[in-house]
1. ARG298: part of a helix (DSSP H, G or I), more than 15 Å from LEU389 (Cα to Cα) and assigned by TED's automatic domain parsing to the domain that holds THR235, yes or no?
2. Mind listing whichever residues of segment 250-282 are within 25 Å of the chain's Cα centre (by Cα) and not β-branched (Val, Ile, Thr)?
3. Among the residues in segment 280-287, are any over 22 Å from ASN214 (Cα atoms), touching a helix residue (DSSP H, G or I) at 6+ places or on another chain (Cβ under 8 Å), among the aliphatic types (A, V, I, L, M) and assigned to a helix (DSSP H, G or I)?
4. Quick one: count up the residues across segment 433-451 that are touching a strand residue (DSSP E or B) at 6+ places or on another chain (Cβ under 9 Å), surrounded by fewer than 24 Cβ atoms within 10 Å (Cβ to Cβ) and of a type outside the set (Val, Ile, Thr).
5. Listed residues ASP252, ASP203; which is crowded, with 24+ Cβ neighbours inside 10 Å, within 27 Å of THR150 (Cα to Cα) and in the same structural domain as ALA302 (by TED's automatic domain parsing)?
6. Going residue by residue through segment 389-408, is there one that turns out to be closer than 24 Å to VAL293 by Cα, free of Cβ contacts under 8 Å to residues at least 40 places away in the same chain and charged (D, E, K, R)?
7. Of VAL402, VAL442, VAL465, VAL476, which residue is within 18 Å of the chain's Cα centre (by Cα), of a type in the set (Val, Ile, Thr) and at pLDDT 95 or above?
8. Return the residues of segment 53-92 that are in contact with a strand residue (DSSP E or B) (Cβ under 7 Å, 6 or more places away or on another chain) and among the β-branched types (Val, Ile, Thr); say none if nothing qualifies.
Amino acid sequence: MRKRPHFALLAGCFLCFVVPLHAQSVTSLAPGVREFVKVSAPVIALTHVRVIDGTGSPAREDQTIVISGDEIETIGDASTTAAPADAQVLDLSGKTVIPGLVGMHEHLFYPAGGRRAVALYNEMGFSFPRLYLACGITSMRTTGSIQPYTDLELKKLIDAGKLAGPKMHITAPYLEGPGSFTPVMHELTGPDDARETVNYWADEGTTSFKAYMNITRAELAAAVDAAHKRHLTITGHLCSIGFKEAASLGIDDLEHGLMVDTEFDPGKEPDVCPSQQLTEQTLSKIDIESAPVQDTIRDLVAHHVAVTSTIVIFETDAPNQPPLEQRVLEAMLPEVAIAYLSTRSLIGENANSLWPGLLKKEMQFEYDFVRAGGLLLAGEDPTGYGGDLAGFGDQREMELLVQAGFTPAEAIHIYTENGARFLDEDDHIGTLAAGKQADIVVIDGNPAANISDIEKTELVFKDGVGYDSAKLIASVRGTVGLE
């Protein structure tokens, strides 16, 4: 991973009081944002709370966190850390706080109704920002865009306090070669086109790029060179290019892990994407402990290439997974929920599915990658045939990381400090410490003991402002798939 300069954050502290108490009062928020603010004051004390700080360290019990403006002023034992006299005090006994999540494979679009002959996608500019924030994602990278101008403008609106949502890092349109499965992507015509595309979207304000399945090695090399000259990063969901090849070309990050690495396919041709069925068959027989796979892991670590875990999107291809959640179905447009359930039912009838075994292999690959010194990021990729909704999918992804063998504290570390580190923002987000931004998730439970408690998020502080999770979720009921 290469270091990038910091990009300015247009952040503020938004207050519940009508008097101007510090940098930016709640009255500067649009009414449609202000209605979701539950806690806001110049000084806030979160007392008697369990703290999982994002570093991977064990939870600390009975802590007090003092928030001043948009920053954390103090964290310490409740017995020795007094709440300031002028603080709004929240007694969080029995509850847990973690850093705001840093989602590293997110989108603002959603599949348009099941598996059609032509794959199309709709922009979820209304529902997804709210769902991400409600579920604890305070910073996110849109890892691929189909409406980049919409994404960029939504970011501006959120930063200006006109929409509720997380702080966003916008990725440019996909860098795809000929043969795309969807007409929403531009197909590159060669290295010059790749270079010009990167420069154009860098000028427009995107801060990262994503190489896609049919890109050629020459196009990827040109895109990497152009992105790095602008001090920006490039990731990839690859198929035509294997992981070792991509690492040698200078890619910064690889999406999805082993399940999309085609370098092990017999007869793999240069710059050609094999069939998904062939790759699945190959990977179903591969031994993660074998020398070829372990060599790939070591090669990625040596080249400082991060890997983004998205186990949750692969889980949707396994029969009867993930567990059906009422909150997910309620968030969907009814027709979208029906389409999702119909496809899910068909997948559930496949007794010969390879995906239960493939999921275990992916989990082992990611666990081994981290143990070898690799930087593992995490996100949800809300695509597929539906059901993997913004925010909800991120919470499920964290549960799957624990199933992969990581401790809850390690899974939270992957979803917080690791993402912040890749974005070169770990000096102010990603962990809970004095001087950091007050991006804090309040959970009604103990995810250190039971990671599924992550779904009990009830309050999300972004830059010192506490948003009501339940109210945000309720506001988008029946809209996912439409807007």
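The values are calculated or read from the model by the stated rules, or taken from the named source; none is laboratory data. None of the values given here were measured: they were computed from a predicted structure. Ideal geometry is used to build each Cβ from the backbone, glycine not excepted, and the neighbour counts take in all protein chains shown.
1. Yes: the conditions hold for ARG298.
2. Result: GLY250, ASP252, ASP253, LEU254, GLU255, HIS256, GLY257, LEU258, MET259, ASP261, GLN276, GLU280.
3. Within segment 280-287, the first condition is being over 22 Å from ASN214 (Cα atoms), and the residues that meet it are 284-287.
Then keep just the ones that are touching a helix residue (DSSP H, G or I) at 6+ places or on another chain (Cβ under 8 Å); that gives 284, 286-287.
From the residues that got through so far, the ones that are among the aliphatic types (A, V, I, L, M) too are 286.
In the following step, the residues that additionally are assigned to a helix (DSSP H, G or I) were identified as none.
No: zero hits.
4. 8
5. Working: ASP203 fails: crowded, with 24+ Cβ neighbours inside 10 Å.
One residue alone meets the criteria, ASP252.
6. No, segment 389-408 contains no residue that is closer than 24 Å to VAL293 by Cα, free of Cβ contacts under 8 Å to residues at least 40 places away in the same chain and charged (D, E, K, R).
7. Of VAL402, VAL442, VAL465, VAL476, the one residue that is within 18 Å of the chain's Cα centre (by Cα), of a type in the set (Val, Ile, Thr) and at pLDDT 95 or above is VAL402.
8. Selection gives THR64, ILE65, VAL66, ILE67, ILE72, THR74, ILE75, THR81, VAL89.
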